Amino acid sequence: QVQLVESGGGLVQAGGSLRLSCAASGHTKSNYAFGWFRQAPRKEREFVAAIRWSGGSTFYADSVKGRFTISRDIAKNTVFLQMNSLKPEDTAVYYCAVNQIISRVAAQYDYWGQGTQVTVSS
């Protein structure tokens, strides 16, 4: 069992920045992959970014590439999502998830956090 707790969401103006954190506890393993997903009202949950815990390989959705950066702090068992140049269309609830293999598919992730709201005003 893995527990994930997200933090760092909030309200920001377009062009601003936020950094989300995802603190993991429980039976995490070095071969896990962490993903960030988001879900806007009346839309499906969509992939944002993912990182392999071992080695740190990263993957991004085209919509956030060049603006968002996913990273990890091994000592703190925490994954971050640095979001720059935010746009109103980035408004969503952002979720952290853990999987045994890296994937862009939400259904393949085993554990999820409760989500944190990000609102970008125009």
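The values are calculated or read from the model by the stated rules, or taken from the named source; none is laboratory data. Being a predicted model, the structure only gives us computed values, none of them experimental. Backbone-built Cβ (ideal geometry, glycine too); neighbour counts: all protein chains shown. Just the protein is used for accessible areas: all its heavy atoms, side chains included, with ligands, DNA and RNA removed. Shrake-Rupley method; radii C 1.70, N 1.55, O 1.52, S 1.80 Å.
Quick check for you: which residues of the stretch 1-36 have the amide N under 18 Å from the point 7 Å beyond the Cα of ASN77 toward its beta carbon?
1-7, 21-35
Under a Cβ-Cβ cut-off of 15 Å, what is the net charge of the residues other than LYS65 that fall near it, where Lys and Arg count +1 and Asp and Glu count -1?
0
Counting only C-alpha contacts under 8 Å and six or more residues apart, can you give the relative contact order of the chain as a whole percent?
36
Taking springs between alpha-carbon atoms closer than 10 angstrom, which of VAL79, VAL48, VAL105 fluctuates most in the Gaussian network model of the chain?
The residue with the greatest mean-square fluctuation here is VAL105.
Can you list which of the trypsin sites (Lys or Arg not before Pro) found in the stretch 1-76 are DSSP loop residues with at most 11 other C-beta atoms within 10 Å?
Answer in residue order: LYS29, ARG42, LYS43, LYS65, LYS76.
Relative contact order for the stretch 20-86 using alpha-carbon pairs under 8 Å, separation at least 6, rounded to a whole percent?
Details: 106 pairs, mean separation 21.7, N = 67.
Result for the stretch 20-86 is 32 percent.
Select from the stretch 1-106 those GluC sites (Glu not before Pro) which occupy a DSSP coil region and have at most 11 other Cβ atoms within 10 Å, ordered by residue number.
Taking the stretch 1-106 and a limit of 11 other Cβ atoms within 10 Å, the loop GluC sites (Glu not before Pro) found are GLU44.
About the Cα centre, and with charges only on the beta carbon of Lys, Arg (+1) and Asp, Glu (-1), how big is the dipole of the chain? Nearest 20 debye, please.
Numbers: 13 positive and 8 negative charges, 25 e Å.
Charge dipole of the chain: 120 debye, to the nearest 20.
Quickly work out the GLN100-to-GLN117 label distance, labels modelled 7 Å from Cα along the C-beta direction, and quote it in nm with one decimal.
About 3.7 nm, to one decimal.
Any idea of the accessible area per residue across the stretch 81-122, 1.4 Å probe, to the nearest Å²?
46
From the residues VAL5, ALA33, VAL98, which one has its Cα farthest along the dipole of the chain in the positive direction, the dipole being from +1 and -1 charges on Cβ of Lys/Arg and Asp/Glu about the Cα centre?
Selected residue: ALA33.
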